[in-house]
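Beneath this line is the structure, given in structure tokens, with notes to follow.
The values are calculated or read from the model by the stated rules, or taken from the named source; none is laboratory data. Only a predicted model underlies this, so the values are computations on that prediction, with no experimental measurement involved. Cβ placement follows ideal geometry from the backbone for every residue including glycine, while neighbour counts extend to all protein chains displayed.
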Amino acid sequence: MGTKIKKIFKKIQLKRTSVLLLVFILLSFVLIRQLYELQIIQGEDYIDEFQTRTTKTRVLKSTRGNIYDRNNKLIASNILSYSLTFEDNGSYDTTRQKNLTLNGTAYKVLQILAENGDSLSNTFHIKLDNSGNYVFDIDRFTSFEGNTGPYILYTIVRIKSILNRYVQEGGDLSTGKILPAVNASEKNLMLQLSGFAAMVENAFEEKAPHKICAYIYEVSNAFNSFYHETKILSEEDQAQKESFLQLLQLTRRVLETSIDLLGFSAPDRM
């Protein structure tokens, strides 16, 4: 009886290589089935999930809306503007072909602006003369008027000069507080200064230092309009004079902080 059982086991006994082959075939079958499940049956679902995970959502802040005073008079509104950037990603056989392509694109953009009644702000001081050569307009670049560096610095120096003169006359810059605006230019200056924090945050988020440049130019314009329309040191009302001087100190701090973010500072005299 025992001999018969041994013979039966010997008949069904398999070689080691046969066992390994069967295991390999089984694992291959499981792998192929799993790949079929992932790519054919559930392929679209996994693609959608992958695209969902790799999509970056960016929240765009809305505009602040119009601002009115208590008499329902509009004092601040939104004006839509765009910044246009040219990126040259093409390949050209010659320099002439490159220039013709880029100039043609720029010309089309200018035509679109003209057709829609829009304007172009150009502060680039390198120009082409009548002979087609590049020239640098040093007079315009160093002008104390317009959107230039010296104009911004001169504005800060002008504020410092007024404050120093007041101190030399025996005044105390630590007294007083900012009172409600007495004219439109002072109100405009206050509104420009109130936008400092939002400007810095926006410039940081978009990595756009040029927005700081545009802001300090607007603040400088607002201050100079206020300066020409307002008698600051000759104001007879002491409380009002101190209010003007506090506003000047705030303007100076905002401008100096802004140019410090850009990496330069203003002198004491020009």
Practice task
Identify the single condition in (1) under 20 Å from the mean Cα position of the chain (by Cα); (2) buried (at least 17 other Cβ atoms within 10 Å of the Cβ); (3) closer than 26 Å to Lys73 by Cα; (4) of a type in the set (A, V, I, L, M) that Ala197 does not satisfy, given that it satisfies every other one.
Solution key: (2)
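So that you can scan it fast, the table gives a plain yes or no per residue for (1) within 26 Å of the chain's Cα centre (by Cα); (2) within 16 Å of Asn188 (Cα to Cα):
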position	(1), (2)
Leu233	no, no
Ala239	no, no
Val254	yes, yes
Thr257	yes, no
Fill in the blank from the handout: Output for Cβ contacts, cut-off 9 Å, separation at least six or different chains, first residue within 22 Å of Leu113 (Cβ to Cβ) and modelled with pLDDT under 80 in the stretch 84-101, second among the polar types (S, T, N, Q) and outside any loop (DSSP other than H, G, I, E, B), reads Phe86/Thr105; Asp88/Thr101
Practice task
Tell me which residues, restricted to the stretch 219-257, are closer than 16 Å to Ile178 by Cβ, part of a helix (DSSP H, G or I) and of a type in the set (D, E, K, R).
Solution key: Lys241, Glu242, Arg252, Arg253
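So that you can scan it fast, the table gives a plain yes or no per residue for (1) of a type in the set (Lys, Arg); (2) under 16 Å from Val254 (Cα atoms); (3) touching a residue at least 24 places away in the same chain (Cβ under 8 Å):
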| position | (1), (2), (3) |
| --- | --- |
| Asn164 | no, no, no |
| Val167 | no, no, no |
| Gly171 | no, no, yes |
| Thr175 | no, no, yes |
| Ala181 | no, no, no |
| Ala184 | no, no, no |
| Asn188 | no, yes, yes |
| Leu193 | no, yes, yes |
| Val200 | no, yes, yes |
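Being within 23 Å of Arg165 (Cβ to Cβ) and buried (at least 16 other Cβ atoms within 10 Å of the Cβ) narrows it down to one residue among Ser265, Ser234, Ser220, Ser258; which is it?
Exactly one of Ser265, Ser234, Ser220, Ser258 is within 23 Å of Arg165 (Cβ to Cβ) and buried (at least 16 other Cβ atoms within 10 Å of the Cβ), namely Ser220.
Quick one: would you say Pro209 is surrounded by fewer than 18 Cβ atoms within 10 Å (Cβ to Cβ) and touching a residue at least 60 places away in the same chain (Cβ under 8 Å)? Please lay out each step first, then the result.
Values: surrounded by fewer than 18 Cβ atoms within 10 Å (Cβ to Cβ): yes; touching a residue at least 60 places away in the same chain (Cβ under 8 Å): no.
No, not satisfied.
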